[in-house]
Amino acid sequence: MDLKNDYYILRHGKTAYQKDKTDLTYPRNPTDSVPLADEGREQIRKRSQEIKRLGISKIYASDFLRTKQTAKIVKKEIGFSGDIIFNKKLRDLDLGVWHDRKKEDFYNKFPIDKEFFNNNPKNGESWETVEKRMIDALEDIDKNNEQATVLIISHGDPLWLLEGRIKNKSKEELIKEKKSKEGFIKTGELRKII
């Protein structure tokens, strides 16, 4: 992929759900119902000291509450004067009818394997669908900027899939990362992808 800007990705900080409701999937309306936990806010404040040195010229973020809060903390902490551009294509994986359910039940039905690239939950998305929309978002961002240093704030699976595509990782490599959690982007983690 030939891109003309520098890109950093940041996963939102830890949420109240990840702290207190670890056995459940996110609720049906996660755009405004899953805030950052205090621990997540602190993660992002600390990470912002690193981001401050990067000379970020554009910030794009998912329009979910947890990514909006993350982006606003970064903006304040690094003294960013531009607007944050919220983009629906940067949203988290849509679990369809599996929102608000036990994670164990979801993963019994949709195990972490290659099948989930093409198999989507009812009214939800497959990993392939998420990867495509993340690549579309990146191409749109790249088309609208020139020699910018861009920060993209999103969610675990979408960022994992985007980075995997950019680095030409195989499905097998991606599955191994997801299962082992080694290489899978953590909450509040920053990475340079290009």
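Coordinate-derived values only; no laboratory data. Since this is a predicted model, take the numbers as computed values, not measurements. So basically every Cβ, Gly included, is an ideal-geometry build from the backbone, and we count neighbours across all protein chains shown.
Rounded to the nearest 500, what is the 222 nm mean residue ellipticity of the chain from helices alone, with -39500 (n - 2.57) per DSSP H run of 4+ residues and division by all residues?
-12500 deg cm²/dmol
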- Item | For the stretch 145-161, 3J(HN,Hα) per residue [Karplus equation, 6.51 cos²θ - 1.76 cosθ + 1.60, θ = phi - 60°, Hz, x = Gly/Pro] | 9, 9, 6, 9, 10, 9, 10, 10, 10, 8, 10, x, 4, x, 5, 4, 5
- the stretch 45-71 to the stretch 92-158: how many Å between their Cα centroids? 20 Å
- Query: If you average 1/r over all unlike Cα pairs in the stretch 1-119 and invert the result, what Kirkwood radius do you get in angstrom?
  - Reply: 15.9 Å
- Message: Charges at C-beta only: +1 for Lys and Arg, -1 for Asp and Glu. How large is the resulting dipole of the stretch 7-58 about its Cα centre, in Debye rounded to 20?
- Response: 300 debye
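Give the percent of DSSP beta bridges with both residues in the stretch 6-192 that are antiparallel, rounded to the nearest 5.
On the way: 5 of 18 bridges.
Looking only at bridges with both residues in the stretch 6-192, the antiparallel portion is about 30 percent.
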- What pairs from Lys88/Lys114; Lys76/Lys114; Lys103/Lys143; Lys143/Lys186 go past 32 Å between their alpha carbons? Lys76/Lys114; Lys103/Lys143
- Message: Can you find, among His12, Ile44, Ile194, the residue sitting farthest towards the positive end of the charge dipole of the chain, where Lys and Arg contribute +1 and Asp and Glu -1 at Cβ?
- Response: Ile44
- Task: Please give every one of the aspartates and glutamates within straight-line cross-link reach of Lys89, meaning a C-alpha to C-alpha distance under 18 Å, and leave out same-chain neighbours fewer than 8 residues apart.
- Result: Asp32, Asp63, Glu125, Glu128, Glu131, Asp136, Glu139, Asp140, Asp142, Asp157, Glu163
- So what J values fall out for the stretch 120-130 if you push phi through Karplus, 6.51 cos²θ - 1.76 cosθ + 1.60 with θ = phi - 60°, rounded to Hz, Gly and Pro as x? 10, x, 3, 6, x, 10, 8, 4, 4, 5, 5
- Query: Got a sec to turn the phi values of the stretch 100-113 into Karplus ³J(HN,Hα) couplings, 6.51 cos²θ - 1.76 cosθ + 1.60 with θ = phi - 60°, whole Hz, x for Gly and Pro?
  - Reply: 6, 10, 5, 4, 4, 5, 4, 6, 5, 7, 10, x, 6, 7
- Note on the structure: Given unit charges at Cβ for Lys, Arg (+) and Asp, Glu (-), the dipole magnitude of the stretch 106-157 about its Cα centre in debye, nearest 20, is 280 debye
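Compare the peptides 146-153, 122-129 by average per-residue count of other Cβ atoms within 10 angstrom and give them in order, highest first.
With the highest mean Cβ count within 10 Å placed first, the list reads 146-153, 122-129.
About the Cα centre of the stretch 6-192, what is the dipole size in debye to 20, counting +1 per Lys and Arg Cβ and -1 per Asp and Glu Cβ, all else neutral?
Computed charge dipole of the stretch 6-192: roughly 420 debye.
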- Task: May I ask you to order 134-140, 20-26 by the average number of other C-beta atoms within 10 Å around their residues, highest value first?
- Result: 134-140, 20-26
- Message: Straight-line reach from Lys19: which aspartates and glutamates fall under 15 Å, measuring Cα to Cα and dropping same-chain residues less than 8 apart?
- Response: Asp38, Glu39, Glu42
